[in-house]
Amino acid sequence: RHVLMDGEKAECELKIRRKDKTFYAHLVSEPVKDSDGKTIQCRTAVTDITERKQAEEELRRAKEQWEQTFNTVPDLMAVLDSKYRIVHVNRAMAKRLGLTPDKCVGLTCYEAVHGLSEPPGYCPHPLTCKDGREHIIEINEPRLGGDFLVSTTPMFDDVGHLTGVIHVARDITERKKAEEAIRESQAQLAIAADAAKMGIFDWRIHTGELFWTAQTERIFGLTTTTTTTTTKYSYRDWADRVHPEDLPRVEEKVSRAMVEGAFYEAEYRIIWPDR
């Protein structure tokens, strides 16, 4: 009707619903005029664009799902270009910076995150931009409120060109505090045990490593130092110093304790290296 009234070309897209399926069509209508230039009829071409519209809809849903995931992840996430400029951030990162996501766009990460006029030397971003690989570091950033495990992952287009870098910062502040508390506790225990002439060792079963205090080393005749630090040994180092007649009985107790989760206690003779 508009083509007939205005005498101008017009186009539109239609959604056609049937009982079993929905179709999409692209219509282009052009006026047909007589010798006097008067529009006498309308010629319309119809193109089935169902596949294209379905692909667009799938892409839209994929983007919405990605955006929803991006914003619900508790880790701090940002997409940066090669010039350190923020292209996109999730809500967690924006909240930590005290800004809305849209206010973060265009800022350089070293200004927004670190409060610096240039990138810090430890920043993994230029490494990822250069070699196209993931890089991971641990940093302490007071402006973000603690310790973070930061990873940088490259993003590429269909032809392999770098389009951006995803930065993910996982808050490990509590973990670092717990590790420090354990170190302090272990150091204090080692000092107390050394004063009581009691040996202590930490056996990491999955690797077979044993960490002995200095007093444990002295008991096994390996050192006479007075340091309270620990030294790494292997399970074999311990077994080689247990008297051969006692070793089967002791290892049987160790195995039972591991299986049953029972308390382990054993007496055995020790062979010093020089005897």
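The values are calculated or read from the model by the stated rules, or taken from the named source; none is laboratory data. Only a predicted model underlies this, so the values are computations on that prediction, with no experimental measurement involved. Glycine also receives a Cβ, built like all others from the backbone with ideal geometry; neighbour counts cover every protein chain displayed. Heads up: the accessible areas ignore ligands, DNA and RNA and are worked out on the full protein's heavy atoms, side chains in. Shrake-Rupley method; radii C 1.70, N 1.55, O 1.52, S 1.80 Å.
Worth pointing out:
- Taken residue by residue, region 156-165 has no member that is modelled with pLDDT of 90 or more and within 16 Å of Val73 (Cα to Cα).
- Of the criteria (1) without any contact (Cβ under 8 Å) to a residue 60 or more places away in the chain; (2) out of contact with any strand residue (DSSP E or B) (no Cβ under 6 Å at 6 or more places or on another chain), which one Ile139 fails: (2)
- Scanning region 109-128 for residues that are in contact (Cβ under 8 Å) with a residue 12 or more places away in the chain and either closer than 22 Å to Gly146 by Cβ or touching an Asp or Glu at 6+ places or on another chain (Cβ under 6 Å) (or both) turns up Cys109, Tyr110, Ala112, Val113, His114, Gly115, Pro119, Tyr122, Cys123, Pro124, His125.
- Among (1) touching a helix residue (DSSP H, G or I) at 6+ places or on another chain (Cβ under 6 Å); (2) within 15 Å of Met77 (Cβ to Cβ), the one test that Asp147 misses: (2)
- Evaluation of Ser151 against (1) within 21 Å of Arg85 (Cβ to Cβ); (2) touching a residue at least 40 places away in the same chain (Cβ under 8 Å); (3) in a strand (DSSP E or B) (one fails), failing number: (2)
- Taking each residue of region 56-84 that is under 18 Å from Asp102 (Cα atoms) and of a type outside the set (Gly, Ala, Ser) and looking for partners that are in a helix (DSSP H, G or I) and open to solvent by 30 Å² or more (accessible area, probe 1.4 Å) with beta-carbon atoms closer than 8 Å, six or more apart or interchain, yields Asn71/Arg91; Leu76/Arg96; Tyr84/Tyr110.
- Considering Cys104, Cys109, the condition of being closer than 21 Å to Pro154 by Cβ and either modelled with pLDDT under 90 or in contact with a Phe, Trp or Tyr (Cβ under 7 Å, 6 or more places away or on another chain) (or both) is satisfied by Cys109 alone.
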